[in-house]
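Each remark here refers to the structure printed beneath this line.
The values are calculated or read from the model by the stated rules, or taken from the named source; none is laboratory data. Because the structure is predicted, anything quoted here is derived from the model rather than measured. Cβ: placed from backbone, ideal geometry, glycine included. Neighbour counts: every protein chain shown. SASA here: full protein model, heavy atoms, side chains in, ligands and nucleic acids out. Shrake-Rupley method; radii C 1.70, N 1.55, O 1.52, S 1.80 Å.
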Amino acid sequence: MSVSLSVSRGGAQMLLSVSFSALVVASEPINLVPRSSPSAQDAPLYWCSWLAQGRMWMNNATVSGATSPAQQETYWRKRSHEDFMVQSTFENSFTNSSDGQRVGWGWLFPPARQDLLYVLDNGWQDGAESVSKTLKLSPSQYPAFASTNKTESIAKLAAHVKGLGWKGLGLWTAGGTPMNASTIAILRDAGVALLKFDGGDVACSQTKIARTAAPDLVVEHGDCGGDCPLNSPVSGDGRWPLSAALAQAKALQCTDVFRTYDMVKILSVSEVIDRQAKLILVAHNMTTPPELASVDPPPRRLFGGSGEPVVTSALGGVIQPMRSNLRGLPLPSLFEVYVGEGQNSRQRQHREDEVVRLARWARIAPPFGIGALRDGTVEAPPLLDSNVLLDSHNFSLCDDACVISHNLEGVVVQQGAPARVTRNGLPLPDVVPMDGNVVPFVLATRFPGGKAFSITTIGRQLISGWIEPRAAVTIRLPVVPRNNVTIGVFGRYHSLTLEFEDVKTASERGGPMSVLAQDLAADSGRDVTSDVLWNGTSLTLPGSLIDEVCLVGRSREDDVSAPGLIVSLFGRPLNSW
């Protein structure tokens, strides 16, 4: 596997493009994370502004005089889309507070900006949602880019975003009736990389038009239907119906990225696992519709999951995080659940390092479309555990945007998903609980080419709050460990055991096989050969080692991100190179 790696030697940085087998230099730090890769540059990962816009509206509650719980509930009941939309401004996007507590959204995730598009959601346009497809940037909200020429105005915005180190700019528009070729040409000429086309257009007419006017534009569709953002009615089984998955699969076939759409934030893990696992199940053997056979380039059939990047990455999808680190601004306690904060919470806004790790993992194992793989082979069917885990929450008024519309106040809602899911030919892992009887969700994916794998454990939302239970996880990888086999390990474990098809004896290899591990948020790896256990064809990593390795790249003391590291195997002792 040839990639560009940054190797630190004697304080100097060298950029090498060689195979992993030639990289080990005794006593010198090695960066196992490539600085870039052609396939990763083509991956439309992005950060989206919508929840950050909402967070700014929430922070304004106290400024507006809503200081008591009763006043804050009234403030919440009056909430509208427009309240979020007007928060899309130059100031919120690109300026930082003088005390250093608030960071403009454009300054988020410095180690991973090069991997992420910067997507402005609903509100960047000059006017209501209904006029978004005129593609006029609001001169009052983004005065620095104002121009009488639409293309020039958006081009200034795109250039500013790239100047901050982001991979490019993406813009939201309302879905439904597609824009014509001349309108799409505005996006092309302004240098916009991605169009987030929101809802409707299940035949993907917008994709076909975009291919004629802007062949390089990534077109995303999204749709939910039914009881969205719930996966089923409160009176139902808490599961995403196969009929809904089939409806989404129809749109997936003809788009570049299909977004599995909005979910209840506090139950996002179980909801997104169930949606995406079933989407892969029903779409993995679907072929391109005849009417799209001549579309060039063909639809990419990737999938993303709004604001739930851990699940999406674990299943080989396009991460679309919405997190922001507005920690220095006051957040009314009634609104904490909605943004994933508060007592016994996931602390979603304190998990920036997770986003960095997932984005950098995509340099090694880019997301891949559902169905026919890049090498022309057909994707193996996913495996979905028959054992279903139910996450639950007792809703208060301000816990989610859907509480009022779905009459959820004071209601306990359960949403379920398979306990284990694997994609593209991996067997289901064995999971033994170590924290009582509670187990995490466990997801694993074999990436195209069969040389990169990921294994992920994800926490649970119980009535008592968010927990990250540890388990002894064992998974069989259908590969012989060689120098070009890479494993991404995400989440918290009691232990992780990797069973390989064959491992030569130490004498056959000329010495014991070496194991390197690196925090994906860091820039150097570590020899952990003496910290792991080989037992025949099995390699065991203690959970404490996984935790320890991922302290290296921690960006700040209050970041609570779950670990995310890369494990690489070398067939000879490090000191023999």
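Per the Kirkwood definition applied to all pairs of different Cα atoms, how many angstroms is the hydrodynamic radius of the chain?
Computed over Cα pairs of the chain, the Kirkwood hydrodynamic radius comes out at 24.4 Å.
If you plug each phi of region 538-548 into the Karplus form 6.51 cos²θ - 1.76 cosθ + 1.60 with θ = phi - 60°, what whole-Hz ³J(HN,Hα) values come out, in order, with x for Gly and Pro?
These are the phi-based 3J(HN,Hα) values: 10, 10, 10, 10, x, x, 5, 5, 4, 4, 5 Hz.
Looking at the chain only, what percent of DSSP beta bridges run antiparallel? Nearest 5 please.
The answer is about 60 percent antiparallel.
Counting helices only, and only those DSSP H runs with n ≥ 4, report the 222 nm mean residue ellipticity of the chain as the sum of -39,500 (n - 2.57) divided by its residues, in deg cm²/dmol to the nearest 500.
Per the formula, -6000 deg cm²/dmol.
Enter the angle in degrees (range 0 to 90, nearest 10) between the Cα long axis of helix 181-190 and the first principal axis of the Cα atoms of the chain, meaning the one along which they spread out most.
Taking Cα atoms only, the helix is inclined about 60 degrees.
Dimensions of region 101-229 along principal axes (Cα, Å, largest first)?
Here the Cα extents, ordered largest to smallest, are 42, 37, 28 Å.
Between Asn535 and Asn60, what is the label-point separation in nm under the 7 Å Cα-to-beta-carbon projection?
5.8
Which net charge results when you count Lys and Arg as +1 and Asp and Glu as -1 among the other residues whose beta-carbon is under 10 Å from that of Asp126?
Result for the local shell: +2.
List every residue whose amide H lies under 5 Å from the amide H of Leu45, counting only residues 5 or more places away in sequence or on a different chain, with H placed 1.01 Å from N in the peptide plane.
Amide H neighbours of Leu45, under 5 Å, 5+ apart: Leu117.
Suppose all protein chains stay in the model; what accessible area per residue would a 1.4 Å probe give for region 414-568, in Å²?
36
In whole percent, what relative contact order does the chain give with Cα contacts below 8 Å and a gap of six or more residues?
Relative contact order here is 13 percent.
Using θ = phi - 60° and the Karplus curve 6.51 cos²θ - 1.76 cosθ + 1.60, what whole-Hz ³J(HN,Hα) does each residue of region 417-426 get, with Gly and Pro shown as x?
Per residue, the Karplus-derived 3J(HN,Hα) values read 7, x, 5, 9, 9, 10, 10, 6, x, 8 Hz.
With every protein chain kept in the model, how would you rank Val311, Val388, Val552 by accessible area, 1.4 Å probe, largest at the top?
If we order Val311, Val388, Val552 from most to least accessible, we get Val552, Val388, Val311.
Where only protein heavy atoms count, and the probe is 1.4 Å, what is the accessible area per residue for region 279-406 in Å²?
33
Note the count of lysine pairs whose C-alpha atoms are less than 14 angstrom apart in the chain, limited to pairs 8 or more residues apart or on different chains.
5
Which cysteines in the chain lack any other cysteine whose Cβ sits under 4.7 Å from their own Cβ?
Cys48, Cys398, Cys402, Cys550
Can you pull the percent of the chain's accessible area that's carbon plus sulfur, 1.4 Å probe, other chains left in place?
Roughly 52 percent of what the probe reaches on the chain is carbon or sulfur.
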